[in-house]
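What follows is calculated from the coordinates using simple rules that are stated; it is not laboratory data. Just so we're clear, the structure is a prediction, and the values are computed from it rather than from any experiment. Methodologically, a virtual Cβ is constructed for each residue, glycine included, from the backbone with ideal geometry; neighbour enumeration extends over all protein chains shown.
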Amino acid sequence: MNKIKPCPFCGGKPRLWERKRGLCKYTIGCDNETCFVWIPKDVRLRELHNYATCYRIKQDAIDAWNKRRNDK
């Protein structure tokens, strides 16, 4: 499994969220409150899809987060 890179927008610390229910269980957001991909620490897990794209497979979430504009 790949290490999760810092936020591509602000360089902040990323956070992986995991829901126990539903088909799409994983998403990643930024811990920096001033960043536009920030996800609040007290978010209700059932509302994660309102903040970021959720993925069925954990590695897919990590790969999408880690992808940078200049990556091929």
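Can you give the Kirkwood hydrodynamic radius of the chain from its Cα pairs, in Å with one decimal?
12.4 Å
Taking the Cβ of Asp31 as the centre, find all other residues whose Cβ is under 9 Å away and add up their charges (Lys, Arg: +1; Asp, Glu: -1).
+2
Counting only residues 5 or more places away or on other chains, whose amide H sits under 5 Å from the amide H of Trp38 once H atoms are built in the peptide plane?
Cys30
Using Cα-Cα distances under 8 Å and only pairs 6 or more residues apart, what relative contact order does the chain have, in percent?
About 32 percent, as a whole number.
Per the helix-only calculation at 222 nm, which mean residue ellipticity applies to the chain, given -39500 (n - 2.57) for every DSSP H run of n ≥ 4 and division by its residues, nearest 500 deg cm²/dmol?
Estimated from H runs of four or more residues: -3500 deg cm²/dmol.
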